[in-house]
Every structure is written in C-alpha cells, then in structure tokens.
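Heads up, the thing below is written out as structure tokens.
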Amino acid sequence: MTPPQIIVATHNANIPVNGDAQLMVALAVAEGERLGTVLGHGSIDRPGVKETVSVIMEGSAEALRSRRERYGY
C-alpha cells in the first residue's frame, strides 16, 4: 500500500523545511512570463536545494536555522 502524499505550494519556507518534506521543487517565474522555471529540486538535505531555497523563499534563513538546531544539519 502506498502511503498518502500531500502536495503543497507555498512561499513560506517553514512548511517544507521544518515539515521535513521528502521532495522540494523550487520554481521561479520571470516578470511578464506565465510559466515557471525549475531552479532546483530534491531533498532539503542536498546542499544545492538548501542553497536555492535559502535564496528564493520567504523566511528561509530562519527556517533553516531552526531545522539545524532541531536536527543538527
């Protein structure tokens, strides 16, 4: 049996970072464009994903600091 999955779209980094999301997809939409571009994807444990999230998501520095204090990384 496949476990339930929840898909959430948010601008608040606290939800996926502190919620220990298994997969994050960081998107950006250029001004005047309708479709987004994938900037990074994967687990928050991957350095590239962590860097991308810290640059584009609101509150990401605080969320990542909180996660580091809680889990040690």
The farthest towards the positive end of the charge dipole of the chain, of the residues 61, 38, 11, given +1 on Cβ of Lys and Arg and -1 on Cβ of Asp and Glu, is 61
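Can you give the relative contact order of the chain as a percent, counting alpha carbon pairs under 8 Å and 6+ residues apart?
Values: 79 pairs, mean separation 23.5, N = 73.
Rounded, it is 32 percent for the chain.
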Total charge of the residues flanking residue 18 in space, meaning their Cβ is under 9 Å from its Cβ, with Lys and Arg +1 and Asp and Glu -1, is +1
When Rg is the radius of gyration of the Cα atoms in region 1-47 and Rh is its Kirkwood radius, what does Rg/Rh come to?
-> 1.03
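Any idea what % of Cα-Cα pairs in region 14-71 are farther than 18 Å? Don't skip to the answer; put the middle values down first.
On the way: 503 of 1653 pairs.
Result for the distance tail: 30 percent.
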Just 62, 51, 33 to compare: in a GNM of the chain, with alpha carbon springs under 10 Å, which one fluctuates most?
-> 33
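Each reported figure results from applying straightforward, stated rules to the coordinates on display, with no laboratory input. Remember, it's a predicted structure, so these values are computed and weren't measured experimentally. So basically every Cβ, Gly included, is an ideal-geometry build from the backbone, and we count neighbours across all protein chains shown.
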